[in-house]
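Just below is one structure, and these are the notes that go with it.
The values are calculated or read from the model by the stated rules, or taken from the named source; none is laboratory data. Note that the structure is a prediction, hence the values are computed from the model and not measured. For neighbour counting, all protein chains shown are included, and Cβ atoms are generated from backbone atoms with ideal geometry for every residue, glycine included. Side chains included, ligands, DNA and RNA excluded: accessible areas come from the protein's heavy atoms. Shrake-Rupley method; radii C 1.70, N 1.55, O 1.52, S 1.80 Å.
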Amino acid sequence: MTTNYDRFFEAIFNEEVTDDNLLDDDRVGSAGFDRDEVINPEEIPSYRVVVGEQVLRTRYRNIGEILHIHGSVSDPRSLVLTEEDYHEFNNRRRYLSSKMLTYFAEHPLLIVGYRPDDTNVQQVLTWADEVLSDDQTITEDIYFLQWDEDAEDRDEYPREHDIKLDDGGHLRVKSIVANDFDWVFEAFAEGDELAVDPRYLRSLLAQTYDVVSSMSSGGEVVDVQRLEDVATNQGELRTVLGYLGDDVDGVPPVEFDHTIPPEKAAERIGFDHYTPLNQDIIAQIEEETGVDIRAFNNRYHINLEGGGNPRRYSEEAIELFRRVKNGEDYSLDISDERIPD
């Protein structure tokens, strides 16, 4: 989120600065995607650029977005520049404050490139303070980054900073003082083991909203058991959030762990064709365990429901097939609740 008009952040987070990065006004209500749109990852910016009043009107704003709350040079009419512009902007600020609190409540807030007495900083923090009750605080996750050429030579420096608010109050935030910001950005980027391309997450968010909002309350919207598995088991979560293999063609960017088509799976364990994989290996697993792993989506197999051969297997499946072929002991890591009757 920035009050700057320039497009500097696009040069950092996207491959290039182009108007294709901008959120089309016609798509403000759909997170940048049309319903049932076929998504080509190469044609979608990693970070969608949301400008001016679009910030107020965009339905979802949580993932992979650059918010220009004071407008951008990409649309000169959006700039908050004159006294009249600022007056109009402030009249809308209470609605904007509730929007911004979503970010403040769910993510750390790192303030970079502003002075502590900057009116924009004061306003943003006043918004946050106004919508919180007396017993709530977000100051634990607010960091103010300041540059000091002599930071490494100082014996001590302030760990907190007191910022004056618009309403005359004060908010104490954590202070970071450095003469090199690299380590600060690297620290905030840590812990990203399950990072996924934000383009796919935005698409998933948009499609989920459209599915739920368009289904009748009596219809089955989601596989509840599958949702519970993902929510409680990181291994299951990796089935949905992971990385595409480099040699996968035509696999939707949602099922990341299952990237191996049947013929490749057969080849990996020494067969010339997938028929013996089905007849000798998978059939043996079903006979010995009572579970047909091809009958439902699980950690070993998934059916993408489309194309000439929509089945895909995971690396775990390859290891399972090898053990069965070699006559070694094995077990299926699938909960009983996941196995269909």
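For region 21-34, the tally of residues that are at pLDDT 85 or above and either surrounded by fewer than 17 Cβ atoms within 10 Å (Cβ to Cβ) or of a type in the set (Phe, Trp, Tyr) (or both) stands at 0. Going through (1) crowded, with 21+ Cβ neighbours inside 10 Å; (2) modelled with pLDDT of 90 or more one by one, Asn298 falls short only on (2). Scanning region 144-159 for residues that are out of contact with any helix residue (DSSP H, G or I) (no Cβ under 9 Å at 6 or more places or on another chain) and surrounded by 11 or more Cβ atoms within 10 Å (Cβ to Cβ) yields Gln146, Trp147, Asp148, Ala151, Pro158.
The number of residues in region 62-76 that are open to solvent by 20 Å² or more (accessible area, probe 1.4 Å) and touching a residue at least 12 places away in the same chain (Cβ under 8 Å) comes to 6. Quick one: is Val73 in contact with a strand residue (DSSP E or B) (Cβ under 6 Å, 6 or more places away or on another chain) and modelled with pLDDT of 75 or more? In short, no.
For region 79-97, residues that are loosely packed, with under 12 Cβ neighbours inside 10 Å and of a type in the set (S, T, N, Q) total 2. Here Asp280 passes the criteria (1) open to solvent by 70 Å² or more (accessible area, probe 1.4 Å); (2) modelled with pLDDT under 55 except the one numbered (2). Asn62 passes every criterion in (1) in contact with a Lys or Arg (Cβ under 9 Å, 6 or more places away or on another chain); (2) at pLDDT 80 or above; (3) assigned to a loop (DSSP other than H, G, I, E, B); (4) not acidic (Asp, Glu) apart from (2). Here Leu110 does not fit the description of being under 23 Å from Thr2 (Cβ atoms), open to solvent by less than 30 Å² (accessible area, probe 1.4 Å) and at pLDDT 80 or above. Count of region 35-53 residues, restricted to those that are modelled with pLDDT of 85 or more and either assigned to a helix (DSSP H, G or I) or within 19 Å of Tyr95 (Cα to Cα) (or both), is 3.
If we keep just the residues of region 132-151 that are at pLDDT below 85 and of a type outside the set (A, V, I, L, M), which is nearest to Tyr103 (Cα to Cα)? Among residues in region 132-151 that are at pLDDT below 85 and of a type outside the set (A, V, I, L, M), the one nearest to Tyr103 (Cα to Cα) is Asp141. All told, Arg323 meets the bar of being without any contact (Cβ under 8 Å) to a residue 12 or more places away in the chain, of a type in the set (Lys, Arg) and either within 15 Å of Lys264 (Cα to Cα) or out of contact with any His (no Cβ under 9 Å at 6 or more places or on another chain) (or both). Which pairs turn up if I take residues in region 258-282 that are of a type in the set (D, E, K, R) and look for partners that are open to solvent by 30 Å² or more (accessible area, probe 1.4 Å) and assigned to a helix (DSSP H, G or I) with beta carbon separation below 6 Å, at least 6 apart in sequence or on another chain? What qualifies is Glu263/Tyr274.
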